[in-house]
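Since the structure comes first, as C-alpha cells, the remarks are kept for the end.
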Amino acid sequence: MINDNLLGDRLNAVKQGKPVPQPVLQSQTMITPQPNQPTPVPLKQQLITRYLMMADTFAASFLYGFALKTIFSTDWNVLGVFAVGFLLNHVICIFPKFLFPKLFK
C-alpha cells in the first residue's frame, strides 16, 4: 500500500531543495483463486424453500382462478377455481419457456 503522506513528503522535499524521495514499491502477491465449492444447504432450509414455492404457486393459481370466475361471472366451487387458476398459471409461466426458449435464456 502506498504511504498516505507520500505527496506531502515530495512537495516538502521540493520546497526545501532536497532530492525527491522515490516511493517504496511493496511486492504484490498473487492471490490464487479458490475453486468454487458450493456450500451444502441444510435440509430444513431446502424444505422451507420448497414449501414457500408451492404456497406461492397455489396462491397465484387461486387468485388467477378467482379473477377468471369474477370476470366471466361463473358459478365454480373452490376446486374449480383452483383448477382453472392452476391451468392459467401454467399457461402464463411455464408454457412460454417451452414455446420460445430463445427468449428465456
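Each value in this text was obtained by applying a stated rule to the coordinates, not by laboratory testing. None of these values were measured; they are calculated from a predicted model. Note that each Cβ is placed from the backbone with ideal geometry, even for glycine, and that neighbours are counted across all protein chains shown.
Quick look at the numbers
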item	result
Close pairs (9 angstrom Cβ cut-off, 6 or more residues apart or separate chains): of a type outside the set (Lys, Arg) in region 39-50, surrounded by 10 or more Cβ atoms within 10 Å (Cβ to Cβ) anywhere	Val41/Thr49
Top-ranked residue of region 52-66 - restricted to ones that are aliphatic (A, V, I, L, M) and within 13 Å of Phe86 (Cβ to Cβ), ranked as surrounded by the fewest Cβ atoms within 10 Å (Cβ to Cβ)	Met54
Lys44 farther than 22 Å from Ile92 by Cα and in a helix (DSSP H, G or I)	yes
